[in-house]
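The values are calculated or read from the model by the stated rules, or taken from the named source; none is laboratory data. What you see is a predicted model, and the numbers here were worked out from it, not measured in a lab. With ideal geometry, Cβ positions are generated from the backbone for all residues, glycine too; neighbour counts draw on all protein chains shown. Areas reflect the complete protein model, heavy atoms only, side chains present, ligands, DNA and RNA absent. Shrake-Rupley method; radii C 1.70, N 1.55, O 1.52, S 1.80 Å.
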Amino acid sequence: QVQLVESGGGLVQAGGSLRLSCAASVSIFSANTMAWYRQVPGKQRELVAIIRSYGTTTYADSVKGRFTISRDNAKNTVYLQMNSLKPEDTAVYYCNLVRNQYTYWGQGTQVTVSS
């Protein structure tokens, strides 16, 4: 059973920074992709950033230039560095792992950006 545990969320003022971490219970080296999604009440979960097994990354237009996704295979952890945060970044952030056509989710971590 794959478990993903997010941490690093919290309350921050606009313009501030946070770094989210997602620790996996299995080796992420074999993951096809790891990603961060976010969701606000009443809206669909949306992709924020994705990192593929060969290292390429893709970002939502709304976070390009402000967020950076990275992975540490030795620690089985993926990170999301979030800079220049805006109130519209407020959401629950979820870690996602895809491996061998199976998809796994973390429990989510709340990020709140005050204006």
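Of everything in region 82-115 that is small (Gly, Ala, Ser) and in a strand (DSSP E or B), the residue that is most open to solvent (accessible area, probe 1.4 Å) is SER114.
Just one residue in the set GLN13, GLN39, GLN44 is under 19 Å from GLY108 (Cβ atoms) and open to solvent by 60 Å² or more (accessible area, probe 1.4 Å); that residue is GLN44.
In the set TYR37, TYR79, TYR54, only one residue is more than 14 Å from ARG99 (Cβ to Cβ) and outside any strand (DSSP E or B); that residue is TYR54. Filtered by the rule that a residue be out of contact with any Ser or Thr (no Cβ under 7 Å at 6 or more places or on another chain) and more than 28 Å from VAL26 (Cα to Cα), region 64-115 gives LYS64, GLY65, SER84, LYS86, GLU88, ASP89, SER114, SER115. Confirm whether LEU20 is within 24 Å of GLN1 (Cβ to Cβ) and either touching a Gly at 6+ places or on another chain (Cβ under 9 Å) or modelled with pLDDT under 95 (or both). Yes; evaluated as a whole, the condition is true for this residue.
Among residues of region 1-10 being closer than 13 Å to TRP105 by Cα and surrounded by fewer than 17 Cβ atoms within 10 Å (Cβ to Cβ), the one that is modelled with the lowest pLDDT is GLN1.
Scanning region 10-41 for residues that are under 21 Å from THR57 (Cβ atoms), among the small types (Gly, Ala, Ser) and in contact with a strand residue (DSSP E or B) (Cβ under 7 Å, 6 or more places away or on another chain) yields SER17, SER21, ALA23, ALA24, SER30, ALA31, ALA35.
Quick one: is TYR54 without any contact (Cβ under 8 Å) to a residue 12 or more places away in the chain and either of a type in the set (D, E, K, R) or surrounded by 14 or more Cβ atoms within 10 Å (Cβ to Cβ) (or both)?
So TYR54 does not fit the description; no.
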